Every structure is written in structure tokens, then in C-alpha cells.
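My questions all concern the structure below.
The values are calculated or read from the model by the stated rules, or taken from the named source; none is laboratory data. Treat the numbers as computed from the prediction; the structure is a model and nothing was measured. FYI the Cβ positions are ideal-geometry reconstructions off the backbone, even for glycines, and counts take in every protein chain you see. For the accessible areas, the whole protein counts, side chains as well, though only heavy atoms, and no ligand, DNA or RNA atoms are used. Shrake-Rupley method; radii C 1.70, N 1.55, O 1.52, S 1.80 Å.
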Amino acid sequence: MARFISSIFLLSIVLYWGNSRLGSLPPLLNFLDPAHGVWMISNTEDQSDLILKPIEGLSDKIQIIYDNRQVPHIYAQTIEDVLLGLGYAVARDRLFQLELQTRSTAGTLTEILGERVLPLDRQARQLGLAWAAEKNHSELAPTSESHRYQAAYAQGVNAWIGEMTASKLPLEYHLLGQKPMEWLPQYSAYLNKNMGWTLSMKNTERRKILAARLVGEDAANALFPVNSWIQEPIQPNGQKQPRFDPIPLAEPGDPYAGPRDSPSDLSLFTLPEELDQNHFLETTLGSNNWAISASRSSNGNPIISGDPHLNLTLPSIWYEAHLNVPGELDVYGVTIPGSPSILIGFNRNVAWTFTNTGSDVMDFYKEQVDDPQDPKAYIVDNQWQYFEKRVETYVGTEGSVIQTDTILHTHRGPVAEEDNVYTSMRWTVLEESGELDALVAIAKATSVDDWMSGMESWMAPTQNGLVIDRLGNIAIRSAGRYPIRPFDTSGDQIYDGSISDNDWKSWLDISDYPGSINPEQGYLTSSNQQPVDPTLYKSYLGSDWPPPWRAMRINQLLRSDPTYTLEDLIEFQTDPGSARADIFVAAFLNAANTFGYDSSPSAQEAISLLSEWDRLYTKSNERAILFEAAMNKLAENTWDELEDEEGRAVVRPGSTVLAALLQTPDNKWWDDRSTTDRQENRDDILIKSIDQAFETIKNQYGTKSEGGWRWDKVQTANIYHLMNIPGLSALGVPVQGGPETLSPNSGSGRHGASWRMVVELGDSIIAKGVYPGGQSGNPLSPAYKNRLDDWSSGNLQDLYFPKHIEEMLKSSVKIVELIPVGDP
């Protein structure tokens, strides 16, 4: 509490002065007004055991019963009413989060945060995220389930907003001098577009263009290949260990001198963090999941584990809930605020979780326009087609217009322009949507087959859905729409937009989606690796796949014993082992053996220290920091051909490609361009890198005996408040894990396991889970980050899933009843 108060006080002094308004922030006197300002915020929950709230339009009461973990168990007579209750509960706990993520998708952040966030708004609108969501929503029949469910959820959100007192207004609104906006039903569709933006905006084309300009097309294609050098696929291929396919890495050649394809054109179609040229730390927004069949379980019951890796924020991206409609729906899990559904969870018969597939569902087309200065049409098959034009107006906090954009669309999608070069994009995220239908269907599923059928309407982003059922079945499918390109081409190129034959031809048939049901090995797992062995599957799904290190590690663990317990699977979630470290530490040590005593004394000492490491990223280890520094130096020294004239990295391939390069010790990629009297080989660069890393670590953290090398001091989780206010954040949180371990932690520490869940389906259901944070978005609430310690320690909490409402009533902490207007 003291830290919170001091943070707010200092923030007030810095940002406000007297009754003046600075930027987008309110006057200090208004902010501190004892009657209406920040002091009105309640730091306690409602104390009444039963709270009655009349709601217009209800036909029957809705009971929202909170357990001792502040999870709402919502009971209603119809699905519409239970989703109204969910919207109400989410708004009560996460209102500002709801609005902020909606404005992020809509491109209206400037209206509450001011002109400084205009670039974010412009990208969101130029991509057409809200435009596509509005289009999807408008195409829904008013009587359709999706339309009714989104409307019911919105009614619940607005019911809370309508009755909210000043003491319940979230702190952030006081800070910004704003009031909550009305929640519209289509905002639930905005959320799906936002997740598609996060999970499927993969722009390999831009990376290849940048690389080709420096080292030629052949080398660029090798650096960002269609198939991974290491095969440990999601769909089992019968192998008992990873397969390492020998792939000679094309050496750097002459810069590509062909027709100009501007990567600047494609920066619009790239996640903002990818444009940061200051560092190239490998951070994957992915996830892990695995399941074991009854035959591999010590109790004879199937068990599933899932932990999606996303941005870590306070409040969390996730919100726990239990939804119950007698005879129709009984589901527990996590939702994302804004979604009228449970995304990851379980019911009485099935349990499921997702990882990101990372497939290529976005293509680019260079367009020929009639007038580069004022284009009105583009050409297709020698016929002029008129652009669709969309005018977007951006408004500041005072309501004045600060920017207007005219955005062009072809029949494929939005258009970007740079130096009179016009590039259009086609992206499944902007097209037909069926995700809500899928989520409602799987929540009702009674078997694996039923669940798989329910997922058939899922469009985007592509997801690896893993499911188990009470009968002992396990299955996985990489679900979502996969475009079939012209002439069986791969999608990691820029197409000529003037030829209609270059458009997508159709969609991959569902029967051809990667997947497996009840494999002989008795388990299934996915960690964002290439889904299918390319020697067994010919359809193009994507390229430049995330590294397979996590997949290799969990497969290693699941192959090591015949059976496992639920506790084993929980322990695996924070396993500190690293397949990446296993390969590269061996390479450093082998290089030292080759050099013998010809290396410098500091390199010899560094190698000696590295050889002491057990390659486990435990909190107390004091060698992982040396290895990570060596890996950074190894990438810098190896990929010096991919730097600009000022020595800054322009683009960098992943660690899988670097591991492949280890197999060819005399490849020219190893040559140090700064030396002219010799050509360095692999071992030269490995020894140089470990030597440089040792000096860097000593300068930054002191000697190894000073205690500054402990992993939990140099690499921690940093869970920021949504507005990046340090006093409302959880910074420097010690965690077990490192880059590409099963519980990854690297770089800024702002990404990681956002929700951990394990479920065993037997005669009774055993379910455990945790996320970093708490149910409440109020920084003053005890439920703001009361789960953080368990998450940091790798502990999971019991998830309470009572069969009958009477059980829930006996153990309830608080009950909110939404009743029809006029009821006593």
C-alpha cells in the first residue's frame, strides 16, 4: 500500500501542477478532489453477503457466486443470461482493461491518451482491424447465436457501467480524467482481431527482402527456410527422438540487384516489436501444451497441461469464471475480458487448451496503380479496378481532429505505400469469422470427437487445439483456415498483384489439417514447432518456424518414463532444462578442446566456468548468464554480414539456423569481416564469443564471486501495469526458466506463461491453475496480484468446480443476484 500511495503521489507531482492540464492528463485539483477524485476509489470489495441488482430485460434471475479465490460462478437459465452475467462480472473487475484493449484495436487510444499514441492508432486502422470486425458483426443475422451472445455480453458490461458509483470508477479513469465508454456488442469481435494481430502477423517476406539486399536471394532463403532443420513435429511421425536433417546453409553472396521490393512498404504489416533494431533477442509469443492418455497415466486417467505464453500484464490477460446453464452448459476456465466465452478450460467430459500454430496466413501483392501521386485504381489482368477508400479521422483528448488518413483497399485487403510503391495484403484475420461459434460448441462438447467437430468453424488465428475426454481419448488439431496458393508456391514471397492467377485459390480441407488422435506413443504435445514432418506432408503451411527447443525438451521428458502423475506434469511446466543449451554448450566446449591452450586465459577461464553448468535455468544458478552472453556474442559475430554500414544489425535469423550452421565448420558465414589476413572458422568464432561474453559479464555484473551472476538477479519477470506505471506493476519477479525453456523468460521479462492449467479427468475432476496477478483490476484490491507468489514459484491452485449450486452456496464468499426490474 505504501508503495502504491508514494507512486501515485510522485506521479501526481510529475504529471500535474495546480489546476493546469498537461497533455492528456486531468488537472491535479480534480484528480485529488476529496469528493470526486482518486480518494473515492474503494480498496475493499462489497461486504454484503447478498447484493441484488435489477437489470432491464431479464426473464429470470442470474446468480453470480464468488468463491474464496474471487472467481465468479455464474448460474442462469439461458446462455444469453449467463453471458450477460459474465459481461457484468468482467466489467466489475476489469473495466479499464476492457476499454483499453478495445481502443487499441479500434485505433482510438488518442481519445484518452493523447497524440503521443497516434502511430499505434494509425497502424490499427490502416490494418483494418476494427473495420473487419464491424463487417463481420454486420453480417450476422440478429437471430444468430453469435449476435445474441455478443449482445447479451454487452448488456452485462453496460449494466455495470450504468450503476457504477464514483467509488467503483477504476483508478485509471481518474488518472486520465475520463469516463468509461459504452460497450457495443461488436467489441467482442474486435478482441478476436486483436488476438489475430498478436498471433498471426508473421512477416517473413520483409526479413527475406532485408537479408537479400545484403547477402543475395539464395542466402536469404536459407536463413529463413520453409522447413526447420530440426524435426520434432506436433503430428507424431513415429520417431523416438528429434531428427536433424542435413541442410547445407548457402553462403553469403552478392546483394540482390533485381527489381526493388521495399521492406518499408511492409513495416505497416509488421508487429511493432519486430521493427525495433536495437536488439534481436529471440522472444516467441507461443505456448506449450501436452496430454497423456490413460495408458501413460499412473491413475489410469488422461491428463492435460497447458500454458499459453503471452504478454504479462497487471491485470492479467486472463480472467477465471465458471458458467452454468442447467442441462445445457457447465464449463470452467479462463476468458479474455471482452470475449463472451471460455477460451481454455474444461467441462464435465472434456478439457482443452491451445498453442499458436504460427502458420503463414498473410500474403503481399505489389500493385500497379493508375497514378502514384493520387491513385484511384489498380490493374488486374489488364483491367482497371477501383480502390475502395476508407477515411479515418483521429481525435485527441479534447475532441479536436489531430489526423486524417485515406486508406486504400484492393479486393485482397488494405494497401501500404512507400516511395510510390503500393503493396496490398490479404490476411485471414480480416476475413470471415467463426471463432465464437467454435468456442460455444467446444464448451458443450461431450467427447473428443464432439470437440473436434465444434472446432471446424474456427478460422483465425490458426491454433493447435489439444483435447482429452473422460473416456481416455486424446487428440490435437492445428485448426484454422490455411490458404492454398497459386501453382503450389510458398507464401514467403511478394506476388505480382496485376495477375489474378496469383490470388489464393481455395482453403486446405479440414481433413488435411495437421493433427492426431490417440497416437501409439500415448501422448501429444505442441510448442509452436513446425506441425508436420515435411517428408510426410507436402502442403505449404508456413516458413521460418519458431525454434523447436521447447518441443524437444517436453518430448524428452515424456519419453523418459512409462507413466506420469498430475504432479509430474505440473513440475514439467517450470522445468529448467534446455535443449538449446544442450546443443550450444557442447559446441563451445568442443571448440575449446580443439583450441587447447592456444586460447586466451580469459577464454580458458570462461570455458572452465561454462563446463561447470548443468544447463538448468534454476533461480540460483550462476552460469546461465555467461552462456546467454556468449549466445548473444555468437549471433553478433556470426551474422556480421547482416549489418548495415554503421555496424547495426538489420535482420537476424533464429537460433535453429545458427545450430544448423554448426554442422559446417568452414562455411563462410563464420568468417569475421573485420579481419583481412585470414578466414575464421566455426571454432574461432565460438572461442571469440565466449571470451567476449566473459569480459562483458565481469564488467556488467562483477566477478563470479561477488554474487551478481545469480540468474534470479539478472533475468526476472517484469509484469507491468497496463499504463506502465511502475508502482502498480510487479517488477523483478524471480522465476525459474530462461530463453526457450518450457517456462521461457528472456529479454525484458515481459513475456511468459500467462496461464498454467493441469486437468485430470477421471471419476472426479482434478483441476489446478494459476496466472500472474489476480482477478481484480483495482490496484488497491487484495485480489490485484494475490496469485503472483504461487505463479512465481510454479505452484498451481485448486480450481473449484462444484456440480450443484447448493455446494457453491455453502462455500460462497459473496453473491450478486441480477434480477428482472420489478422483482421483489
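Which number in (1) at pLDDT 95 or above; (2) open to solvent by 40 Å² or more (accessible area, probe 1.4 Å) marks the one condition that HIS804 misses?
All conditions pass for HIS804, except number (1).
Can you find a residue that is under 30 Å from GLY306 (Cβ atoms) and surrounded by 16 or more Cβ atoms within 10 Å (Cβ to Cβ) anywhere in the range 584-597?
For the range 584-597, residues under 30 Å from GLY306 (Cβ atoms) and surrounded by 16 or more Cβ atoms within 10 Å (Cβ to Cβ): present.
Checking ILE725 against (1) open to solvent by 10 Å² or more (accessible area, probe 1.4 Å); (2) of a type outside the set (Phe, Trp, Tyr); (3) without any contact (Cβ under 8 Å) to a residue 40 or more places away in the chain, only one condition comes out false. Which one?
Every condition holds for ILE725 apart from (3).
Return the only residue of PRO263, PRO255 being touching a Lys or Arg at 6+ places or on another chain (Cβ under 6 Å), open to solvent by less than 30 Å² (accessible area, probe 1.4 Å) and at pLDDT below 90.
PRO263
Considering the range 158-207 alone, what residues qualify as being in a helix (DSSP H, G or I), within 30 Å of ASN221 (Cβ to Cβ) and not charged (D, E, K, R)?
Passing the criteria: GLY196, TRP197, THR198, LEU199, SER200, THR204.
Would a scan of the range 668-678 turn up a residue that is under 25 Å from MET552 (Cβ atoms) and of a type outside the set (A, V, I, L, M, F, W, C)?
No, the range 668-678 contains no residue that is under 25 Å from MET552 (Cβ atoms) and of a type outside the set (A, V, I, L, M, F, W, C).
For the condition under 30 Å from ALA416 (Cβ atoms), open to solvent by less than 40 Å² (accessible area, probe 1.4 Å) and β-branched (Val, Ile, Thr), what is the one hit in THR357, THR393?
Numbers: THR393 fails: open to solvent by less than 40 Å² (accessible area, probe 1.4 Å).
Matching residue, one of THR357, THR393: THR357.
Anything in the range 535-551 that is out of contact with any Phe, Trp or Tyr (no Cβ under 6 Å at 6 or more places or on another chain) and open to solvent by 20 Å² or more (accessible area, probe 1.4 Å)? List them, or say none.
THR535, LEU536, TYR537, LYS538, SER539, TYR540, TRP545, PRO546, listed by residue number.
OK, next. Has the range 431-449 got at least one residue that is part of a strand (DSSP E or B), at pLDDT 95 or above and within 30 Å of PHE364 (Cβ to Cβ)? Steps first, please.
Pass one, the range 431-449, residues part of a strand (DSSP E or B): none.
No - not one qualifying residue is present in the range 431-449.
Right, next: Among the candidates LEU610, LEU566, LEU558, single out the residue that is over 31 Å from the mean Cα position of the chain (by Cα), open to solvent by less than 20 Å² (accessible area, probe 1.4 Å) and touching a residue at least 12 places away in the same chain (Cβ under 8 Å).
That would be LEU610, the only listed residue that is over 31 Å from the mean Cα position of the chain (by Cα), open to solvent by less than 20 Å² (accessible area, probe 1.4 Å) and touching a residue at least 12 places away in the same chain (Cβ under 8 Å).
For THR618, all conditions in the list (1) part of a helix (DSSP H, G or I); (2) open to solvent by 20 Å² or more (accessible area, probe 1.4 Å); (3) at pLDDT 95 or above hold save one; what is the number of the exception?
Failed condition: (1).
Then there's this: With the condition being surrounded by fewer than 21 Cβ atoms within 10 Å (Cβ to Cβ), out of contact with any His (no Cβ under 9 Å at 6 or more places or on another chain) and of a type outside the set (Gly, Ala, Ser), I'd like the helices (runs of 4 or more DSSP H) fully within the range 624-704 carrying at least 1 qualifying residues. Full working, then the answer.
Numbers: elements: 624-638, 655-661, 682-701.
In the range 624-704, 624-638, 682-701 are the helices (runs of 4 or more DSSP H) which contain 1 or more residues that are surrounded by fewer than 21 Cβ atoms within 10 Å (Cβ to Cβ), out of contact with any His (no Cβ under 9 Å at 6 or more places or on another chain) and of a type outside the set (Gly, Ala, Ser).
Taking TRP131 and the conditions (1) farther than 26 Å from GLU320 by Cα; (2) crowded, with 22+ Cβ neighbours inside 10 Å; (3) aromatic (Phe, Trp, Tyr), which numbered condition does it fall short on, given that it satisfies the others?
Among (1) farther than 26 Å from GLU320 by Cα; (2) crowded, with 22+ Cβ neighbours inside 10 Å; (3) aromatic (Phe, Trp, Tyr), TRP131 violates only (2).
Any idea which of THR462, THR489 is under 30 Å from ASP218 (Cβ atoms) and buried (at least 20 other Cβ atoms within 10 Å of the Cβ)?
Checking each option against the conditions leaves just THR462.
Regarding the range 406-423, can at least one residue be identified that is of a type in the set (Lys, Arg), under 29 Å from the mean Cα position of the chain (by Cα), at pLDDT 95 or above and outside any strand (DSSP E or B)?
Within the range 406-423, one or more residues are of a type in the set (Lys, Arg), under 29 Å from the mean Cα position of the chain (by Cα), at pLDDT 95 or above and outside any strand (DSSP E or B).
So if I check each of GLY747, GLY752, GLY732, which one is open to solvent by 10 Å² or more (accessible area, probe 1.4 Å) and not in a loop (DSSP other than H, G, I, E, B)? Working first, answer last.
Details: GLY747 fails: not in a loop (DSSP other than H, G, I, E, B); GLY752 fails: open to solvent by 10 Å² or more (accessible area, probe 1.4 Å).
Unique residue meeting the criteria: GLY732.
State whether one or more residues within the range 196-219 are buried (at least 20 other Cβ atoms within 10 Å of the Cβ) and in contact with a His (Cβ under 8 Å, 6 or more places away or on another chain).
Among the residues of the range 196-219, not one is buried (at least 20 other Cβ atoms within 10 Å of the Cβ) and in contact with a His (Cβ under 8 Å, 6 or more places away or on another chain), which makes the answer no.
Taking the condition of being of a type in the set (S, T, N, Q), in contact (Cβ under 8 Å) with a residue 12 or more places away in the chain and outside any loop (DSSP other than H, G, I, E, B), how many residues in the range 494-551 meet it?
6
Shifting gears a bit: Could you list, in sequence order, all residues of the range 91-134 that are of a type in the set (A, V, I, L, M) and under 18 Å from LEU169 (Cβ atoms)?
The answer is ALA91, LEU95, LEU98, LEU100, ILE112, LEU113.
Collect the residues in the range 156-190 that are within 30 Å of MET362 (Cα to Cα), open to solvent by less than 20 Å² (accessible area, probe 1.4 Å) and not aromatic (Phe, Trp, Tyr), keeping them in residue-number order.
If the condition is that a residue be within 30 Å of MET362 (Cα to Cα), open to solvent by less than 20 Å² (accessible area, probe 1.4 Å) and not aromatic (Phe, Trp, Tyr), then SER188, ALA189 are the ones that fit.
While we're on this one: For the range 363-389: of the residues being under 19 Å from ALA132 (Cβ atoms) and over 29 Å from the mean Cα position of the chain (by Cα), which is surrounded by the most Cβ atoms within 10 Å (Cβ to Cβ)?
PHE387
Going through ALA592, ALA586 one at a time, which residue ends up being over 24 Å from the mean Cα position of the chain (by Cα), touching a residue at least 12 places away in the same chain (Cβ under 8 Å) and in a helix (DSSP H, G or I)?
Selected residue: ALA592, the only one of ALA592, ALA586 that is over 24 Å from the mean Cα position of the chain (by Cα), touching a residue at least 12 places away in the same chain (Cβ under 8 Å) and in a helix (DSSP H, G or I).
Condition first: more than 30 Å from LEU171 (Cα to Cα) and β-branched (Val, Ile, Thr). Can you find one or more residues in the range 768-783 that meet it? If you could, list the steps in order and put the result at the bottom.
Pass one, the range 768-783, residues more than 30 Å from LEU171 (Cα to Cα): 768.
Those still in the list that are β-branched (Val, Ile, Thr) too: none.
The answer is no; no qualifying residue exists.
May I pose another question? Could you say which residue among ILE342, ILE317 is assigned to a loop (DSSP other than H, G, I, E, B), under 25 Å from GLN123 (Cβ atoms) and either open to solvent by 20 Å² or more (accessible area, probe 1.4 Å) or of a type in the set (Val, Ile, Thr) (or both)? Don't jump to the end; show me each part of the working.
Values: ILE342 fails: under 25 Å from GLN123 (Cβ atoms).
Step by step, each of ILE342, ILE317 is checked, and only ILE317 is assigned to a loop (DSSP other than H, G, I, E, B), under 25 Å from GLN123 (Cβ atoms) and either open to solvent by 20 Å² or more (accessible area, probe 1.4 Å) or of a type in the set (Val, Ile, Thr) (or both).
So how many residues does the range 713-729 have that are assigned to a strand (DSSP E or B) and not aliphatic (A, V, I, L, M)?
Counting residues in the range 713-729 that are assigned to a strand (DSSP E or B) and not aliphatic (A, V, I, L, M) gives 3.
Here is a further query. Name the residue that is nearest to LEU566 (Cα to Cα), counting only residues in the range 755-776 that are more than 20 Å from the chain's Cα centre (by Cα) and part of a loop (DSSP other than H, G, I, E, B).
Among residues in the range 755-776 that are more than 20 Å from the chain's Cα centre (by Cα) and part of a loop (DSSP other than H, G, I, E, B), the one nearest to LEU566 (Cα to Cα) is GLY762.
Counting only residues that are surrounded by fewer than 21 Cβ atoms within 10 Å (Cβ to Cβ) and within 21 Å of HIS721 (Cα to Cα), how many does the range 285-312 have?
Total satisfying the criteria: 2.
On to the next question. Anything in the range 780-801 that is open to solvent by 20 Å² or more (accessible area, probe 1.4 Å), out of contact with any His (no Cβ under 7 Å at 6 or more places or on another chain), assigned to a loop (DSSP other than H, G, I, E, B) and modelled with pLDDT of 95 or more? List them, or say none.
PRO782, LYS785, ASN786, ASN795, LEU796, TYR800
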